[in-house]
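Okay, so here's the structure we're looking at.
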Amino acid sequence: MFERVRNWFKERINMDDLPFFRTPDYMYHVGDWLGALVAGAFFYTVISGLILLLYYNPEAGYQATQTVINQVPYGSVVLYSHLYGAYAMIILAYVHMFRNYFVGAYKKPRELVWILGVLMLALTLGTSFLGYSLIGDVLATSAVDVGAGILSGIGLGSLVPIFFGNYSAGDYSRVLALHIILVALIGLLFVVHFFLADIQYGMMPSRKVKDKAPAVYPKAQWSKFNPWWPRNFIYMMSLIFMTWGFILIIPDLLVYVNGLPQIANPFLNPKPAPPPNSPAAASVTTYPPWFFLFLYKIADFPASLTIDIVIGVFIPLIYLLIVPFIDRSDELHPLKRKLFTWIGVVMMVFLIQTSLWGDLAPGVPVTWNEVFEAYLPPAVISAVGILLIPSNPRLNSKALANPFTMLGFVAITLLFVGSIFEVMSSPSVADVILVGLFGSLFVTLGKMLSPYVARTESGSVEKASLSADESRLAVKKNLAQVIMLILLVIAIIIAADMWSIPATGYYSNLFGVDLGLLFLIAGEEFSLYHYVVYKKPVEPEE
Amino acid sequence: MYLKKIARAFRIHKFDEKEFAKKGEDYLFNFINKNVGPVDEKRRRFLQGILIGVSAAVVAGIIPGLRVLVPPVQSVSGFPKTLIVDSSGNPIKASSIPVNSPTIMLFSYPLQNEINFLLNLGDKNGNPVEVPPTTVLVPQTGDKYQFPGGVGPNKSIVAYSAICQHLGCEPPYIHFYPPKYVNISQVTAPEPNTLTVEAVQAAQKENLPAIIHCDCHGSTFDPYHGAAVLTGPTVRPLPAVILEWDSSTDYLYAVGYVGVPVYPAGSNGVPSNDPSTDLDESQFGSSVGDKTSISESNPFS
């Protein structure tokens, strides 16, 4: 009976012939699936946002936020995870972008995929800013003030009513409408982005398979790989469930953390601040949402606002949009296009560095001297580092792995950790530079040493016979099966527990924690299933 | 188990070692896949069972969360006792409400969109007059109910629904006409201050200094007698808010309603014995809570 139903659906849906990219065995690693993580966060945020739309009242933004948090059943779970879903989407989008930047995924034939992706990042940041404004607390209103101030400061004051409408009069309906319109736009671009990336060109082959652009599998070879159903589906489910799990667990645990230091607030405090017209608002240090801290700091630079915005927004954005047309070589290895790798590293470091600086010293004007002090060292260090690493790094790292360098690495690690604490206790520009310096040294050395160190442990395996590999894998798979059973039992207990959590009040956020755990377990179950059923002892990069 | 199967397969089917040496791993893979199957079917079914189980657990966990879709409707079980405050939040003092004021003073009660007039009634010369309790007739049904009369230091303060019982018009179309506007010259005044000839005649006949009149269709109500019907087309009087005056603080509280329910719920013309009928009309929003503020506007200026 079950079999007949199954076949009925199979015949009608015909999942075997879906036109999605057929995936070779070696590509089931998260690095090749970062886009799926971004999409997972996007879908979560859309779903939770639609639930919030049922309750939000743009004519009484702050009051509506409070009603959602305090009165709507599990409203705070939905609201806080909506916020952190957006956070996750931004972070994952950056990771996805930089990964594809360094592997050269913007090169022929994927230029359009890349450009669409950059546009989607800009839209995501804009949408998130509008969403943040909808809270209506003192932070949101001051962020809108700053945003409107920046627009008028660079001569685009006529755009303020277009973006914010009657925001200052307490009517957020336009911001809400634009928030939703931009999300719809992201969704639309996503469809094209996905269609081009997955169906037109397929995923990028490993560099070992193809180290020159255009890096695409010929259709004939492609058609031999694993079809989308069911393996890709299983793997995708594991990734999406895990993403959703983290999106729910993190904010719902953070709710119970009180008395965070001010510098942690932009990142770790999901709760809204007091309303702008309350006496408590006067004592609040205002800061923008963390993903715009970098811009906030750049606005402190001694140049005019227009130049600041050109530095902070237009140069990076335009660079990212046109990089496929500047970097025209067909080399994909990051060390064979050192200039662009360096620019990428510098962008990444500057982004993090400026954001942290904005967090530590928001709105404090800086001099050009301080700017150069802060930004030159990382740029020089990474330039020297990239120049010194030869294009064939394997020899180098092996030579490096002697007791002295190890000792040096340990020392740098300690210095790095120490400098972080130093910054925590007494923030100053010099300390931030130190963190950047030791941090980049730590990462560079760590990256160079880790393959060698990791190999000393598993070195013997390479020579072991295939059947030994096979038996090891079989043991692991049996273990995975046992874990799956245990996790199922835990999942059932958690699911039962969720029925007893109150819908509102202090304990209601535990529901979010439990649901997140459930998602994590489900993700892990799918992942283990994928491992047991599909994992092969050797998965050559073909 | 899987290993045993492989071992058996090695025994049963000939494993060509020469071939293996030549083709390497690929040969072994094909061999195993051909003769043993990737992972045997029974095990796969079992694992799929676990996946279905865990998915069911996720669904079971989400079910109580679906309560997020149930809006937190405030069911108002009884009339709240609501303090009337001015627009900046300070309680209204009963003795400082202007007599026969042309300004429309509105407050919401018991729900957020149920607006009511607050009136301090006086005679032609602007001296407050006592509004005695009366029996009010509903012409539509012939039913009667008791209006409790005015409150305050002079028992001259009353409050009536500001939503016309005829077809639901709201201020400024319906409002209070102080004595100086109740005369025949007002018949030619522009909207929303036009009186009908019938209204003026009815007021003069009953010797009423002031009236409540709706400009939409010409209904007129008698504020001195529980907003009873003076002229049609309305067939129902305006319902009245029961006020309470605290003589020690001079504050005013709204505590209930009498008469037919607020338009349109009262269109059957039956005065509500269960006054909470007024509280069931979700179109008027949620309860005002323990404070309601006055908004003012002057139709004559």
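The values are calculated or read from the model by the stated rules, or taken from the named source; none is laboratory data. The shown structure was predicted, so the numbers you read here are calculated from the model rather than taken from an experiment. Methodologically, a virtual Cβ is constructed for each residue, glycine included, from the backbone with ideal geometry; neighbour enumeration extends over all protein chains shown. Areas reflect the complete protein model, heavy atoms only, side chains present, ligands, DNA and RNA absent. Shrake-Rupley method; radii C 1.70, N 1.55, O 1.52, S 1.80 Å.
I need the strands (runs of 3 or more DSSP E) fully contained in segment B:134-244, keeping only those with at least 1 residues that are more than 20 Å from B:S101 (Cβ to Cβ), aromatic (F, W, Y) and open to solvent by 10 Å² or more (accessible area, probe 1.4 Å).
Details: elements: B:134-137, B:144-147, B:157-161, B:174-177, B:211-214, B:220-222, B:228-231.
Strands (runs of 3 or more DSSP E) meeting the threshold: B:144-147.
Between a residue in segment A:150-161 that is of a type in the set (S, T, N, Q) and any residue that is surrounded by 13 or more Cβ atoms within 10 Å (Cβ to Cβ), which pairs come within a Cβ distance under 8 Å, given they are 6 or more apart or on different chains?
Between residues of segment A:150-161 that are of a type in the set (S, T, N, Q) and residues that are surrounded by 13 or more Cβ atoms within 10 Å (Cβ to Cβ), the close pairs are A:S152/A:V160.
Exactly one condition in (1) in contact (Cβ under 8 Å) with a residue 40 or more places away in the chain; (2) over 22 Å from A:I90 (Cβ atoms) is not met by A:I326; state its number.
Failing condition for A:I326: (1).
Filter segment A:190-225 down to the residues that are among the small types (G, A, S) and out of contact with any strand residue (DSSP E or B) (no Cβ under 9 Å at 6 or more places or on another chain) and list them by number. Steps first, please.
First, pick out the residues of segment A:190-225 that are among the small types (G, A, S): A:197, A:202, A:206, A:213, A:215, A:220, A:223.
A:A197, A:S206, A:A215, A:A220, A:S223 - these are the residues of segment A:190-225 that are among the small types (G, A, S) and out of contact with any strand residue (DSSP E or B) (no Cβ under 9 Å at 6 or more places or on another chain).
Looking at A:L485, is it touching a residue at least 12 places away in the same chain (Cβ under 8 Å) and assigned to a helix (DSSP H, G or I)? Outline the logic, then answer.
Numbers: touching a residue at least 12 places away in the same chain (Cβ under 8 Å): no; assigned to a helix (DSSP H, G or I): yes.
When the stated conditions are applied, A:L485 does not pass them.
Where in segment A:257-373 are there helices (runs of 4 or more DSSP H), lying wholly inside it, with at least 1 residues that are under 26 Å from A:I247 (Cα atoms)?
Working: elements: A:265-268, A:293-298, A:305-309, A:315-326, A:338-360.
Filter on segment A:257-373 gives A:265-268, A:293-298, A:338-360.
Just to be sure, is A:L305 surrounded by fewer than 21 Cβ atoms within 10 Å (Cβ to Cβ) and either touching a residue at least 24 places away in the same chain (Cβ under 8 Å) or within 21 Å of the chain's Cα centre (by Cα) (or both)? Full working, then the answer.
On the way: surrounded by fewer than 21 Cβ atoms within 10 Å (Cβ to Cβ): yes; either touching a residue at least 24 places away in the same chain (Cβ under 8 Å) or within 21 Å of the chain's Cα centre (by Cα) (or both): yes.
Yes, satisfied.
Residues are listed down the side, and each one gets a yes or a no for (1) at pLDDT 90 or above; (2) open to solvent by less than 20 Å² (accessible area, probe 1.4 Å):
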{"position": "A:L321", "(1), (2)": "yes, no"}
{"position": "A:I326", "(1), (2)": "yes, no"}
{"position": "A:H333", "(1), (2)": "no, no"}
{"position": "A:F340", "(1), (2)": "yes, no"}
{"position": "A:T354", "(1), (2)": "yes, yes"}
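Among (1) at negative phi; (2) in contact (Cβ under 8 Å) with a residue 24 or more places away in the chain; (3) more than 19 Å from the chain's Cα centre (by Cα), there is one condition A:G170 misses while meeting the rest; what is its number?
(1)
Of a type in the set (V, I, T), part of a helix (DSSP H, G or I) and open to solvent by less than 30 Å² (accessible area, probe 1.4 Å): does that describe A:I494? Spell out how you get there, then give the answer.
Values: of a type in the set (V, I, T): yes; part of a helix (DSSP H, G or I): yes; open to solvent by less than 30 Å² (accessible area, probe 1.4 Å): yes.
When the stated conditions are applied, A:I494 passes them.
Could you run through segment A:436-451 and say how many residues are within 13 Å of A:I386 (Cβ to Cβ) and modelled with pLDDT of 75 or more? Reasoning before the result, please.
So in segment A:436-451, the residues within 13 Å of A:I386 (Cβ to Cβ) come out as A:440, A:443-444, A:447-448.
This time we only want the ones that are modelled with pLDDT of 75 or more, so: A:440, A:443-444.
Looking only at that region, the number is 3.
Of everything in segment A:58-92, what is of a type in the set (S, T, N, Q) and closer than 15 Å to A:L130 by Cα? Give them in sequence order. If you could, list the steps in order and put the result at the bottom.
Residues of segment A:58-92 of a type in the set (S, T, N, Q): A:63, A:65-67, A:70-71, A:76, A:81.
Hit for segment A:58-92 is A:T65, nothing else.
Within segment A:488-502, restricting attention to residues that are within 7 Å of another protein chain (Cβ to nearest Cβ) and of a type outside the set (G, A, S), which residue is farthest from A:E525 (Cα to Cα)? Working first, answer last.
Let us first name the residues in segment A:488-502 that are within 7 Å of another protein chain (Cβ to nearest Cβ), namely A:488, A:491-492, A:494-495, A:498-499.
Still in the running and of a type outside the set (G, A, S): A:488, A:492, A:494, A:498-499.
Working: A:L488: 8, A:I492: 13, A:I494: 15, A:M498: 20, A:W499: 22 Å.
Of everything passing the filter in segment A:488-502, A:W499 is farthest from A:E525 (Cα to Cα).
Could you please find all residues in segment A:503-542 being within 10 Å of chain B (Cβ to nearest Cβ), surrounded by fewer than 17 Cβ atoms within 10 Å (Cβ to Cβ) and within 24 Å of A:S48 (Cβ to Cβ)?
A:T504
(1) surrounded by 12 or more Cβ atoms within 10 Å (Cβ to Cβ); (2) within 7 Å of chain A (Cβ to nearest Cβ); (3) modelled with pLDDT of 85 or more: which one isn't true of B:P72, the others all being true?
Checking B:P72 against (1) surrounded by 12 or more Cβ atoms within 10 Å (Cβ to Cβ); (2) within 7 Å of chain A (Cβ to nearest Cβ); (3) modelled with pLDDT of 85 or more, the one that fails is (3).
Yes or no: segment A:108-115 includes at least one residue that is within 14 Å of another protein chain (Cβ to nearest Cβ), in contact (Cβ under 8 Å) with a residue 40 or more places away in the chain, touching a Leu at 6+ places or on another chain (Cβ under 8 Å) and crowded, with 18+ Cβ neighbours inside 10 Å. Talk me through it step by step, then tell me what you get.
Pass one, segment A:108-115, residues within 14 Å of another protein chain (Cβ to nearest Cβ): none.
No, segment A:108-115 has no match at all.
Confirm whether A:I234 is under 30 Å from A:I199 (Cβ atoms), open to solvent by less than 30 Å² (accessible area, probe 1.4 Å) and assigned to a helix (DSSP H, G or I). Let's see the steps before the verdict.
Values: under 30 Å from A:I199 (Cβ atoms): yes; open to solvent by less than 30 Å² (accessible area, probe 1.4 Å): yes; assigned to a helix (DSSP H, G or I): yes.
So A:I234 passes the test.
Name the single residue that is nearest to the other protein chains (Cβ to nearest Cβ) among those in segment A:32-81 being touching a residue at least 60 places away in the same chain (Cβ under 8 Å) and of a type in the set (F, W, Y).
A:Y74
Quick one: is A:L479 more than 10 Å from chain B (Cβ to nearest Cβ), modelled with pLDDT of 90 or more, open to solvent by 40 Å² or more (accessible area, probe 1.4 Å) and within 29 Å of A:M27 (Cβ to Cβ)?
Values: more than 10 Å from chain B (Cβ to nearest Cβ): yes; modelled with pLDDT of 90 or more: yes; open to solvent by 40 Å² or more (accessible area, probe 1.4 Å): yes; within 29 Å of A:M27 (Cβ to Cβ): yes.
Answer is yes for this residue.
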